[in-house]
1. When the Kirkwood radius is taken over all Cα pairs of the chain, what Stokes-Einstein diffusion coefficient follows at 10 °C and 1.306 mPa s, in µm²/s?
2. Please give the length that would be gained between residue 132 and residue 194 if that part of the chain were fully extended, namely 0.36 nm times their separation in residues minus their C-alpha to C-alpha distance (nm, one decimal).
3. Taking the convex hull of the Cα atoms, report for the stretch 156-211 its projected area averaged over all directions, in nm².
4. Ignoring ligands, DNA and RNA, please state the percent of accessible area on the chain from carbon and sulfur, probe 1.4 Å.
5. Taking the chain, how many lysine pairs are there with alpha carbons less than 14 Å apart, if each pair must be eight or more places apart or span two chains?
6. Among the DSSP beta bridges whose two residues both lie in the chain, what percent are antiparallel, rounded to the nearest 5?
7. For the chain, what is the calculated [θ] at 222 nm in deg cm²/dmol (nearest 500), taking -39500 (n - 2.57) for each run of four or more DSSP H residues and dividing by its residue count?
8. Report D for the stretch 75-197 in µm² per second (integer): Stokes-Einstein, Kirkwood Rh on Cα pairs, 10 °C, 1.306 mPa s.
Amino acid sequence: MSRLAVLIITLLSMAHESRAQFASPGNWSSKRGYFIQSSAGTTGNFGGLNGANSYCHTQVTGQVWKGKSEAGTLTPARVRAFLCDSSTCQNPLPNTIYIFASAGDSTKGGALFKTDGSGSGPQDAAVWSAATHFGYAGGHWTGPRNVGTATHWGTTSTGAANNSCLGWASGTGGDRGFQGDPTMSNSARWVTGANAGCNTSYYVICIVDPI
């Protein structure tokens, strides 16, 4: 075999190995984050947005989920609720890979997405109710998030105070909160356009940022 042929074979082999490493989430180690559905539904009263973050921290530290053993130390600073109130939206980090998981069930999840430069994702039309994502068809609280597009959530709040359960501090039916539908393949995954009474039980999506 000529030297040229050997060189070509070697380069092709290296390219294949490189693609295989990138395609496997296990090779990203601590440079990946997680997008985790809570293990149970809850009303819209968390005692505020910071309380929702604490709720998520309790969820991700106290429950099993796919990838937890590789996620590193789950400090409160790394964990936030994927929610908006009347003034702000909590988003994943920009240009970062996140992996789906479901708290309380280590068999669900594994699909991934990458955010763009503004922290918007998921850049696809996959339904989040699939077993490779959350594996659950029920709704989740989201709040007054700008719709964005069918494949990219809005990263800012619409400013509608009564669509975030009064800043995630109300659990009464007279107050309202927006929710997302994981069975949809468009922007309804993060904003359905309907608001439910804050005494309704919905799941919460928790963001775990990379170390």
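The values are calculated or read from the model by the stated rules, or taken from the named source; none is laboratory data. Everything numeric here is computed off the predicted structure, so don't read it as measured data. For neighbour counting, all protein chains shown are included, and Cβ atoms are generated from backbone atoms with ideal geometry for every residue, glycine included. With ligands, DNA and RNA removed, areas are computed over all heavy atoms of the protein, side chains included. Shrake-Rupley method; radii C 1.70, N 1.55, O 1.52, S 1.80 Å.
1. Details: Rh = 17.6 Å.
Translational diffusion coefficient: 90 µm²/s.
2. Details: separation 62, 0.36 × 62 = 22.32 nm, distance 2.63 nm.
19.7 nm is the gain from fully extending residue 132 to residue 194.
3. On the way: hull surface 19.9 nm².
Seen from a random direction, the Cα hull of the stretch 156-211 projects 5.0 nm² on average.
4. Details: 5170 of 9240 Å².
Here it works out to 56 percent.
5. Working: 31/68; 31/114; 66/108; 68/108.
Lysine pairs, 8 or more places apart or on different chains, close enough: 4.
6. Values: 23 of 30 bridges.
If I count the DSSP bridges inside the chain, around 75 percent turn out antiparallel.
7. Values: 3 runs with 39 residues, N = 211.
So the calculated ellipticity at 222 nm is -6000 deg cm²/dmol.
8. Working: Rh = 14.7 Å.
My calculation gives 108 µm²/s for D.
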